Structures are given as C-alpha cells and as structure tokens.
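Please read the structure below before turning to the comments.
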Number of protein chains: 2
Amino acid sequence: MAKDRPISSSTTSDTELREQGSVFLPRFDSQGLVTAVAIDHGSGRLLMLAHMNAEAIARTRETGFAHFWSRSRARLWMKGETSGHVLRVVEIRVDCDQDALELVVDAAGPACHTLAQSCFYRRLTLAGGLERVEPD
Amino acid sequence: MAKDRPISSSTTSDTELREQGSVFLPRFDSQGLVTAVAIDHGSGRLLMLAHMNAEAIARTRETGFAHFWSRSRARLWMKGETSGHVLRVVEIRVDCDQDALELVVDAAGPACHTLAQSCFYRRLTLAGGLERVEPD
C-alpha cells in the first residue's frame, strides 16, 4: 500500500488532490461517464475502448468482470454477456486527472464483436486508406 | 467501441462498410471529436488518452507528431509544444466502428504533464484507494 501523501491545506488544490492524491475521485463527464481502455494482461495489447458510469465501475469492482455503459443502448452491460468473451479484470488504473481508466484484463475470447482479437485491427496507410494489421 | 452483437450476414450496410472496409471514415461525436489513445512503440505501454478533431488528425498525419484538441482550452495543441515531450507517430490504428484511434508513438519524454512516463501511474487498491504503480 502506498502511504497517503502529506497534503498541505494551504497549497493543496482540487487539481493536486486529484492528480497526486490517493483518493479515487473519478471525474465523470456531463453524461456521467469516464472513458475506459482495456489492455491485455499478457500481451499488453490495446483491446477495446468503451465508457463506464459509476455503476459500471462498481459492478466491475464487485464481480471482477468488466462492465460498461452502452451509450447507444443506454444500459449497463457486461462485456461478453452474450458472446461469453468476458474480460476478467486484473487491475484498474486511473489517469492523472481521473477521467480515464485503464483496465488490465485477461480476455476469454476475441475482444471485438467482429471477432477480431482487438477492436484496433486496421491501420491508416500513407495513402489514407485502411489495411488490416494482421489476419485476426 | 466493442459491443456484443451478432455480425449481420446480409447485405452491406454502413456499419459493415465502416467496420470491414478500407475507407477511413472517422465517426466524430456531437462535438466533432474521436477518442485517441497513445501507446508506446517500444514498450507497448498505454501512455495517455486525449481527443482529436478532423484538424488534429490532419495535422498529425502531415507532421508525424501527435496533435490533439483540448476540450478545456478549446484549441488545437501539439503534445509537447511547450515541454518538448513530443510524440512521434509510428502508426495510427482505428477501431471497429471508427470512433477511436490508437496512436503508436515514440515518446521524446514523459507523456504526462506530471512528468510521469504514463498518465496511468496509479492503480485502484482493493480498499478503494489509489497507489502509484511505480516510482516514475
């Protein structure tokens, strides 16, 4: 466990508390969401990007499986709830200003609904088109 | 954004074109932005998360250095324009529905304005607090 950092009441600002402190203070946007990125625990590969509200964070921490808020369907969902391709969460990291989360995960299958291992399966070419990065 | 849903096997739709095609069709949100994640080329580590509008994408492709749109300052900025800690872009990847980009980068210095190597320098503990993941 990291020790709580000493905080000077005279100089501490909300920004310092959020960036340097040991208190989890997610900075939700106007829709009550933070951005969440899933990274594969084994390979370190970026798997997917989604959004979480407070309930998604709570459910993820309670169950150990990644839950997100679907903006298009306006509901909480567990990744893999229909496909079985769940993401077991090894660790949750938070960025400096606490408006983004990194979920370090073990993936039970392809992370993308297209059945690609990662949602980021295409790269931009110099000509401005897209090409697949690998045959997955 | 990853979603659990079956892939349509019927006729080609806009969704299929965007997900399976070779045309770069970024899906900007109502503010004209896509989410961008910077990944270190050497280590594969997640460095930072920011947003890009069409101009930031264009400037990044033209110059080879990561540009973003600052929502708080409402202006285009080049990462490292004041600190010198620029991000040289090796490759740009796009996710399935083209509303998120992965920038594979060589970082000239700490990616975070706090001078941490990555903005994601703290993890959530079981007790619900934050602890630093390493002394960077």
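Remark: the range B:5-136 carries 47 Å² of accessible area per residue (probe radius 1.4 Å; ligands, DNA and RNA excluded). For B:V133, the residues 5 or more places off, or on other chains, whose built amide H falls under 5 Å of its own are B:R122, B:R123.
Centre-to-centre separation between the Cα atoms of the range A:64-86 and those of the range B:8-57: 20 Å. Distances from B:G128 to itself in the other copies, using label points 7 Å out along the Cα-Cβ axis, amount to 5.2 nm in increasing order. Consider a paramagnetic label point 7 Å from the Cα of A:E81 along Cα→Cβ; state which residues of the range A:42-56 have an amide N under 19 Å from it. It comes to A:48-56, nothing else. Net length available on complete extension from B:E131 to B:V23 is 34.6 nm, with 0.36 nm assigned per residue and the Cα-Cα distance removed.
Based on alpha-carbon atoms, the Kirkwood radius and the radius of gyration of chain A give Rg/Rh equal to 1.05. When the residues B:T82, A:T125 are ordered by accessible surface, computed with a 1.4 Å probe over the protein chains alone, the sequence from largest down reads B:T82, A:T125. Put simply, the protein assembly as shown fits an ellipsoid with semi-axes of 29, 24, 16 Å; these come from the alpha carbon gyration tensor as the roots of five times its eigenvalues, largest first.
Just to be sure I understand: if you take the accessible area of chain A alone plus chain B alone and subtract the pair, with a 1.4 Å probe, what total do you get in Å², rounded to 100? Chains A and B together bury approximately 4600 Å².
The values are calculated or read from the model by the stated rules, or taken from the named source; none is laboratory data. These numbers come from a predicted model, not from an experiment. Cβ: placed from backbone, ideal geometry, glycine included. Neighbour counts: every protein chain shown. Side chains are part of the model used for accessible areas, which takes the heavy atoms of the whole protein and leaves out ligands, DNA and RNA. Shrake-Rupley method; radii C 1.70, N 1.55, O 1.52, S 1.80 Å.
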